[in-house]
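Below: the structure, in structure tokens.
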Amino acid sequence: MSTGEIKRVIIIGAGQAGGETAQRLRQAGFDGDITLIGEEPAPPYQRPPLSKAYLKGEYDMDRLLLRPASVYAEENITLLTSLRAVWIDRANRRVRVEGGRELPYDVLVLATGAKPRKLPLVGADLDGVHLFRTAADADALRPRMVSGAKLVVVGAGYIGLEAAAVARQLGLDVTVIETAVRPLARVTSPEVAGFFLDEHTRQGVRFVLGGQPALIKGRDRVTGVALSDGADVPADIVIAGIGVTPEVALAQQCGLAVENGIVTNRQCLTSDPAIYAIGDCAARPIVHFDERVARLESVHNAVEGAKIVAAAITGGKPHVEEAPWFWSDQYDLKLQIAGLFQGYDHIVLRGVMADRAFAAFYYKGPKLIAVDAVNRPAEYLGAKMLIQTGRTVAPSELEDESRPMKEIVAAAR
Ligand code: NAP
């Protein structure tokens with residue numbers, strides 16, 4: 001179907017990726033029907049503050065919304081909330097929603113996101129055991145985050161460590177249990193993970209690394225977590241931050257290619273030319289990383305998908321992709337990450353960790369592939385620009401703190 005013939009776009013999933021797609025379609029001049037279907041009751045909102053300012057009580061729901069709720073009607077976007085899409089009929093280009101109603105589309109965008117893994121343990125359904133993905137999850141947790149309460153966090157990824165930081169700031173007693181031997185194993189190097197481990201320990205968080213939770217204890221309410229070595233960790237609240245699985249059930253049901261996520265090409269097109277997939281549920285070739293097919297769980301990736309799809313549907317200028325980036329706030333530390341560190345063979349440090357402001361640059365051979373910058377925005381921005389443009393600099397230049405980052409980047413080839 002040529003771009004001019006597209007009159008009806010349905011977007012399944014009203015998270016950041018879905019919400020941005022609707023907005024960007026209108027901005028690009030698409031004047032056909034847009035229907036945005038979301039399971040949650042709220043209009044599209046940002047998830048990152050949930051485990052940071054929102055959990056701390058500094059943000060309310062209005063502040064989380066991507067755009068005010070009234071905008072959807074103003075822009076003639078049909079926003080269907082608290083509704084599940086249950087079936088895709090590819091042959092007739094129709095989506096069935098709960099209750100049986102069928103909606104026709106010319107183009108479908110799957111932005112179904114991911115769901116948090118539930119602890120695979122007896123007791124995981126006890127009151128006081130929380131998953132952490134949605135505003136409702138955060139709302140359920142917030143009143144329990146009171147000074148003196150005993151919190152056990154299972155999983156030392158971003159969710160686990162951000163929640164631990166907020167909890168310590170609110171005066172809770174915090175233990176983090178992680179099956180790996182270090183925190184943040186999926187997302188950073190042992191060196192940077194060690195820095196965050198030290199910081200959390202200094203702030204009073206206890207860690208059980210290499211710990212295997214075996215049972216969530218309690219009758220009606222959680223009272224603790226038993227470990228496989230026989231140890232017991234008492235708990236009033238347990239947060240499971242053990243990763244997510246992509247929401248691919250609809251895609252599988254209608255026979256789209258699915259591996260670790262719905263497989264797409266660089267244009268976010270699935271194996272069906274009328275269906276795109278974007279955000280946490282999709283895996284696509286990443287242009288700055290030799291077209292490696294990756295499923296990136298990030299705001300940046302959600303927004304990139306929306307931009308790519310809006311341009312493709314409206315026949316606009318193809319979006320020039322940005323290098324992947326991520327961030328995490330813990331205490332007064334702002335971690336900013338650009339690129340993908342997997343496969344690095346050496347690290348170059350600029351600054352010293354003890355100063356709580358440093359950047360770790362990751363190289364693969366002579367090529368700079370990623371940076372973790374802690375309280376060093378210039379280093380983050382500079383490295384991101386280098387990765388984006390495929391340029392690199394010699395490690396010795398980055399180690400030389402007497403030269404400003406901007407100057408180093410400007411001279412890079
Ligand atoms: P994550 O980054 O995948 O971390 C989960 C951690 O839990 C991993 O270290 C994992 O180890 C460990 N784990 C897995 N099963 C376990 C078990 N049974 N017991 C103990 N530990 C276990 O995921 P997350 O922190 O839950 O975050 C969920 C999603 O939210 C991700 O998409 C994340 O990117 C996103 N998020 C991002 C930010 C941010 O960017 N700042 C903040 C919050 C959330 P293995 O890897 O060895 O399984």
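Before moving on, here are some points about what is shown:
- Selection of segment 323-347 for residues being over 14 Å from THR188 (Cα atoms) and either out of contact with any His (no Cβ under 7 Å at 6 or more places or on another chain) or in the same structural domain as LEU368 (by TED's automatic domain parsing) (or both) yields ASP329, GLN330, TYR331, ASP332, LEU333, LYS334.
- Checking each residue in segment 261-300 for being surrounded by 24 or more Cβ atoms within 10 Å (Cβ to Cβ), out of contact with any Phe, Trp or Tyr (no Cβ under 9 Å at 6 or more places or on another chain) and within 13 Å of GLU321 (Cα to Cα) picks out only ARG284.
- Of the residues making up segment 50-64, those that are surrounded by fewer than 17 Cβ atoms within 10 Å (Cβ to Cβ) and closer than 22 Å to GLN23 by Cα are MET61, ASP62, ARG63.
- Across segment 156-189, the qualifying residues are those that are outside any loop (DSSP other than H, G, I, E, B) and of a type in the set (Val, Ile, Thr), and the one among them that is nearest to LEU55 (Cα to Cα) is VAL166.
- If you go through segment 210-223 and keep only what is touching a residue at least 40 places away in the same chain (Cβ under 8 Å) and within 15 Å of the ligand (Cβ to nearest atom), you end up with PRO213, ALA214, LEU215, ILE216.
- So THR175, is it of a type in the set (S, T, N, Q), under 30 Å from ALA373 (Cα atoms) and touching an Asp or Glu at 6+ places or on another chain (Cβ under 6 Å): no
- Scope segment 115-146; condition of a type in the set (D, E, K, R) and either over 22 Å from PRO43 (Cβ atoms) or modelled with pLDDT under 95 (or both); matching residues: ARG117, LYS118, ASP125, ASP127, ARG144
- Among (1) touching a residue at least 12 places away in the same chain (Cβ under 8 Å); (2) within 13 Å of the ligand (Cβ to nearest atom) - the single one ALA136 does not satisfy: (2)
- Restricting the search to strands (runs of 3 or more DSSP E) fully inside segment 190-300 and requiring at least 3 residues that are over 18 Å from ALA163 (Cβ atoms) gives 213-218, 222-227, 261-263, 275-277, 282-286, 292-294.
- Subset tally (residues that are more than 9 Å from the ligand (Cβ to nearest atom) and under 24 Å from ALA124 (Cβ atoms)) for segment 184-207: 3
- The lone criterion from (1) over 30 Å from TYR344 (Cβ atoms); (2) touching a Phe, Trp or Tyr at 6+ places or on another chain (Cβ under 7 Å); (3) not small (Gly, Ala, Ser) left unmet by ASP236 is number (2).
- Flag: VAL181 does not match the condition of being more than 27 Å from VAL293 (Cβ to Cβ), within 11 Å of the ligand (Cβ to nearest atom) and surrounded by 21 or more Cβ atoms within 10 Å (Cβ to Cβ).
- Filter result for LEU349 (among the aliphatic types (A, V, I, L, M) and within 15 Å of the ligand (Cβ to nearest atom)): no
- Condition met for ILE242 (modelled with pLDDT of 95 or more and under 19 Å from the mean Cα position of the chain (by Cα)): yes
- In segment 27-60, the residues that are under 19 Å from the mean Cα position of the chain (by Cα), more than 16 Å from the ligand (Cβ to nearest atom) and over 25 Å from ASP106 (Cα atoms): ALA42
The values are calculated or read from the model by the stated rules, or taken from the named source; none is laboratory data. Keep in mind that what you see is a predicted model, and the values were worked out from it rather than measured. For neighbour counting, all protein chains shown are included, and Cβ atoms are generated from backbone atoms with ideal geometry for every residue, glycine included.
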